[in-house]
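S.K.: Shown below is the structure under consideration.
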Amino acid sequence: MPNRNSRLFRELTRGELAAAVRRHFGAVDFTARLMDGGLFNTTYLLSLSDGRRYVLRSGPVNRQLLLPFELRLFQSETAVYKLCHERGIPVPNVVELVLPDDRADSSIDCRGYMITEYIDSLPMTSELISPDEKSVLRRELGEITARFNSIEGARFGRVCDVLGASDAGGGSGFARWSDWLESEFAAACGAIRPYKVFSETELDCILNLPEKFRDLIDKVKAPRLVHADLWEGNVLVTPDKKHIAAIIDADRALFGDVGFELAGGWNDTPEFYSGWGEPPSGIDYETRRLIYLALYRLIDTYVYFAEYADPESGTQTRNKALDAIGRLG
């Protein structure tokens with residue numbers, strides 16, 4: 001169920017939903033059901049009277065709390081889906097995109113929203129999927145992820161920056177992988193600093209990681225597409241539980257080291273790697289993995305403390321970030 005303690009979650013009114021439906025589908029009757037989740041976006045299943053079904057995801061409220069890259073997640077997600085559609089990778093079809101507009105006179109337009117076609121499916125986390133079925137699905141997910149990770153960008157960085165967005169004036173990104181990491185660590189440290197979760201000494205250690213390990217980090221030369229949030233809740237399975245129906249929530253995607261995809265540990269199983277390929281290994285990769293893990297947990301710590309109002313989970317991720325840093329010496 002939605003986390004109503006989150007400072008970003010807020011249900012839409014019937015009037016706001018009706019206005020969105022009328023704008024994009026005309027005068028048609030509909031029902032709207034709030035879907036599970038809701039930590040960041042607020043999501044509804046729209047069922048139109050003519051039988052069509054869609055998913056509407058409204059952006060967060062309190063946008064002043066967002067990290068810089070979180071301000072343009074809808075644009076990034078749309079760009080990723082376009083890349084995937086061109087290569088036959090299963091992802092949702094976006095039918096409408098309304099970008100956030102602080103000048104708008106309604107909450108839903110201020111927040112922005114995305115409408116995608118509904119995919120009849122189960123999340124891969126479903127208890128209805130047996131262990132044997134999940135083993136087969138994990139292999140297929142590995143194959144799909146390998147195709148996803150094979151897409152190369154011109155530069156390093158968040159997809160929205162590298163490819164450019166309508167409000168960004170063209171692509172940018174970073175020439176070196178270490179420069180992107182340095183930028184991300186700086187943004188996350190700056191955001192978390194007022195909450196006094198880390199000491200200044202700890203923040204200094206975190207900020208120094210890209211510089212300290214720059215030569216090793218910059219052995220990564222090819223910017224590859226990384227989902228960066230590929231846990232099983234973001235994988236949809238066909239109703240017969242035999243195939244992957246879609247990879248979703250690709251809004252945090254970036255062009256970088258494919259090892260960044262694996263560092264989160266979401267799919268660290270033999271079945272996944274039987275489809276993905278031989279995982280990287282060695283001291284260089286292990287060092288980079290700990291750096292990536294520190295960044296993941298640093299961002300998670302900010303999200304839990306500032307955005308989701310969940311200090312208990314935030315403390316856990318803080319400790320994981322410090323553990324990764326400690327293991328780096």
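S.K.: Which one of these does Gly190 not meet: (1) open to solvent by 30 Å² or more (accessible area, probe 1.4 Å); (2) touching a strand residue (DSSP E or B) at 6+ places or on another chain (Cβ under 9 Å)?
M.R.: Result: Gly190 fails condition (2) only.
S.K.: Separate question: Six or more apart or on different chains, Cβ atoms under 6 Å: show the pairs whose first residue is in segment 264-289 and over 14 Å from Lys134 (Cα atoms) and at pLDDT 95 or above and whose second is open to solvent by less than 30 Å² (accessible area, probe 1.4 Å) and of a type in the set (S, T, N, Q).
M.R.: Close Cβ pairs satisfying both conditions: Trp276/Thr145.
S.K.: Among the residues of segment 207-228, how many are part of a loop (DSSP other than H, G, I, E, B) and either open to solvent by 10 Å² or more (accessible area, probe 1.4 Å) or more than 13 Å from Ile144 (Cβ to Cβ) (or both)? Steps first, please.
M.R.: Residues of segment 207-228 that are part of a loop (DSSP other than H, G, I, E, B), as a first pass: 213, 218-223, 227-228.
When the remaining residues are screened for being either open to solvent by 10 Å² or more (accessible area, probe 1.4 Å) or more than 13 Å from Ile144 (Cβ to Cβ) (or both), the result is 213, 218-223, 228.
Number satisfying all stated conditions: 8.
S.K.: If you take the residues of segment 22-66 that are among the aliphatic types (A, V, I, L, M) and out of contact with any Phe, Trp or Tyr (no Cβ under 7 Å at 6 or more places or on another chain), which of them is most open to solvent (accessible area, probe 1.4 Å)?
M.R.: Step one: filter segment 22-66 for residues among the aliphatic types (A, V, I, L, M), giving 27-28, 32, 34-35, 39, 45-46, 48, 55-56, 61, 65-66.
From what's left, out of contact with any Phe, Trp or Tyr (no Cβ under 7 Å at 6 or more places or on another chain): 27-28, 61, 65-66.
Details: Ala27: 111, Val28: 33, Val61: 12, Leu65: 28, Leu66: 18 Å².
The selected residue is Ala27.
S.K.: Taking the residues in segment 307-329 that are open to solvent by less than 20 Å² (accessible area, probe 1.4 Å) and touching a residue at least 40 places away in the same chain (Cβ under 8 Å) as candidates, determine which candidate is farthest from Leu67 (Cα to Cα).
M.R.: So the residue we want is Ala321.
S.K.: Residues to consider are Trp180, Trp231; find the one that is surrounded by fewer than 18 Cβ atoms within 10 Å (Cβ to Cβ), within 18 Å of the chain's Cα centre (by Cα) and not hydroxyl-bearing (Ser, Thr, Tyr). Don't jump to the end; show me each part of the working.
M.R.: Values: Trp180 fails: surrounded by fewer than 18 Cβ atoms within 10 Å (Cβ to Cβ).
One residue alone meets the criteria, Trp231.
S.K.: Here's a follow-up. When both residues are 6+ apart or on different chains and their Cβ atoms are under 7 Å apart, which pairs have a first residue that lies in segment 225-241 and is farther than 17 Å from Leu73 by Cβ, and a second that is of a type in the set (S, T, N, Q) and surrounded by fewer than 24 Cβ atoms within 10 Å (Cβ to Cβ)?
M.R.: Once the first residue is farther than 17 Å from Leu73 by Cβ and sits in segment 225-241, its partners that are of a type in the set (S, T, N, Q) and surrounded by fewer than 24 Cβ atoms within 10 Å (Cβ to Cβ) give Glu232/Thr125; Leu236/Ser121; Val237/Ser121; Thr238/Ser121; Pro239/Ser121.
S.K.: Report yes if some residue within segment 189-200 is in a helix (DSSP H, G or I) and under 22 Å from Val80 (Cα atoms); otherwise report no.
M.R.: Here is the first cut: in segment 189-200, the residues in a helix (DSSP H, G or I) are 189-195, 200.
So of that shortlist, the ones also under 22 Å from Val80 (Cα atoms) come out as none.
The answer is no, given that none of the residues of segment 189-200 is in a helix (DSSP H, G or I) and under 22 Å from Val80 (Cα atoms).
S.K.: Looking only at segment 273-306, count every residue that is among the polar types (S, T, N, Q) and open to solvent by less than 10 Å² (accessible area, probe 1.4 Å) and tell me the total.
M.R.: We begin by selecting, within segment 273-306, every residue among the polar types (S, T, N, Q); these are 274, 281, 287, 301.
From what's left, open to solvent by less than 10 Å² (accessible area, probe 1.4 Å): 301.
Total satisfying the criteria: 1.
S.K.: Which of the numbered conditions does Ala19 fail, given that it passes all the others? Conditions: (1) part of a helix (DSSP H, G or I); (2) surrounded by 14 or more Cβ atoms within 10 Å (Cβ to Cβ); (3) out of contact with any Asp or Glu (no Cβ under 9 Å at 6 or more places or on another chain).
M.R.: So the condition that Ala19 fails would be (3).
S.K.: Scan segment 71-108 for residues that are surrounded by fewer than 21 Cβ atoms within 10 Å (Cβ to Cβ), among the charged types (D, E, K, R) and either within 18 Å of Arg7 (Cα to Cα) or in contact (Cβ under 8 Å) with a residue 60 or more places away in the chain (or both) and jot them down.
M.R.: Across segment 71-108, the qualifying residues are Arg87, Glu96, Asp102.
S.K.: Restricting segment 234-272 to residues that are charged (D, E, K, R) and part of a helix (DSSP H, G or I), which is least open to solvent (accessible area, probe 1.4 Å)? So that I can check it myself, show each step before the final result.
M.R.: Looking only at segment 234-272, we keep the residues that are charged (D, E, K, R), and these are 240-242, 249, 251-252, 257, 261, 268, 271.
Checking the rest, the ones that are also part of a helix (DSSP H, G or I) come to 261, 271.
Values: Glu261: 11, Glu271: 59 Å².
Across segment 234-272, the extreme among qualifying residues is Glu261.
S.K.: Now, a different point. Is it the case that Asp161 is at pLDDT below 95, open to solvent by less than 50 Å² (accessible area, probe 1.4 Å) and of a type in the set (D, E, K, R)?
M.R.: Values: at pLDDT below 95: yes; open to solvent by less than 50 Å² (accessible area, probe 1.4 Å): yes; of a type in the set (D, E, K, R): yes.
Considered against the rule, which asks whether it is at pLDDT below 95, open to solvent by less than 50 Å² (accessible area, probe 1.4 Å) and of a type in the set (D, E, K, R), Asp161 comes out as yes.
S.K.: Can you tell me which residues in segment 180-233 are in contact with a helix residue (DSSP H, G or I) (Cβ under 7 Å, 6 or more places away or on another chain) and of a type in the set (Val, Ile, Thr)?
M.R.: Within segment 180-233, Ile192, Val197, Ile206, Ile217, Val220, Val226 qualify.
The values are calculated or read from the model by the stated rules, or taken from the named source; none is laboratory data. Everything numeric in this text was worked out from a predicted model, so none of it was measured. Cβ coordinates were reconstructed from backbone atoms using ideal geometry, including for glycine residues, and neighbour counts include every protein chain displayed. Protein only, heavy atoms only, side chains kept; ligands, DNA and RNA dropped before computing areas. Shrake-Rupley method; radii C 1.70, N 1.55, O 1.52, S 1.80 Å.
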